[in-house]
Every structure is written in C-alpha cells, then in structure tokens.
C-alpha cells in the first residue's frame with residue numbers, strides 16, 4: 001500500500017516530467033516557426049531575383065513602345081503549381097510560359113489644377129439674422145462686426 005508521502009512524490013515526479021515534456025515541445029514549435037519564417041524570407045528573395053532577371057530579359061528587345069513587367073502574383077502561383085511547358089513551331093521547340101503585365105505609361109498632370117477644377121464651392125444658403133443677407137451667420141456678419149457696440 002502506498003503512503004501519502006510516496007503518492008505526493010510520484011505526483012511531483014509526474015508533474016516534473018510533464019513540465020519538461022511541455023518545455024521540449026514548446027521549444028520545438030518555436031524552432032519550427034523560425035525555420036518556416038526563414039524559408040518564406042528565402043523564397044521571397046528568390047522570387048524578387050527571378051522578377052529582376054525576367055524584367056531584364058524583357059527590356060533587351062523593345063520593338064514597340066509598350067513596356068512589360070512580370071506579374072509576380074501569377075508567377076508565385078505558377079512556381080507553386082508547376083511551370084506550364086508548350087511546344088511551338090515546326091521543330092516542336094518547347095517554351096516555359098511566364099506571366100507578364102503591360103505597364104501603362106505614367107502621365108504627369110498638374111494635380112493641383114485638376115483638383116481645384118473638380119472642387120466646386122457650395123453656395124451657402126444661410127440667412128444672417130442681423131443684416132438679412134445670405135451666405136453668413138450673425139456671428140460672422142461683417143456689418144455687425146464693423147459697427148461699434150453701444
């Protein structure tokens with residue numbers, strides 16, 4: 001038969017073992033998260049490098065005035081799902097497709113003038129109780145403010 005002191009010793013040892021196991025598990029989870037974050041950072045860097053390389057290739061041959069850039073969101077999906085290979089031409093040459101988007105030229109406009117043209121001043125329909133004119137209140141009435149108080 002177990003004595004009360006041996007039961008408390010066994011439960012104390014059990015608690016210590018569970019605590020140690022939880023500590024090891026927590027450390028493994030933290031390490032796994034760090035590893036996943038590092039993999040994600042490395043993947044983003046590689047995706048940026050691929051983007052730069054493809055943009056340099058696109059810039060080599062500019063026959064027309066339009067400019068193209070890599071569609072990085074689509075490229076990311078393709079890299080995760082697999083690159084599509086197509087055959088083209090009489091000799092069945094194989095090509096890998098890369099998603100691109102056309103860059104619209106940036107047109108410089110005078111935004112201050114455009115904004116001031118679009119913004120229309122509303123006419124104030126408030127009547128002044130002092131001079132009976134529209135457009136201001138008694139508190140801002142120029143006639144009342146210019147007249148000396150008795």
Quiz item: Between residue 92 and residue 24, what FRET efficiency follows from the Cβ-Cβ distance if R0 is 41 Å, with the result rounded to 0.05?
Solution: 0.10
Quiz item: What FRET efficiency do you get for residue 17 and residue 78 if R0 is 41 Å and r is their Cβ-Cβ distance, rounded to the nearest 0.05?
Solution: 0.25
Quiz item: What order do you get for 144, 33 when you list them from fewest to most C-beta neighbours inside 10 Å?
Solution: 33, 144
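Read-outs throughout are calculated quantities, based only on the coordinates presented, and are distinct from any laboratory measurement. Since we're looking at a predicted model, the values are computed, not measured. Because the Cβ atoms are built from the backbone with ideal geometry, glycine has one as well, and the counts that use them run over all protein chains shown.
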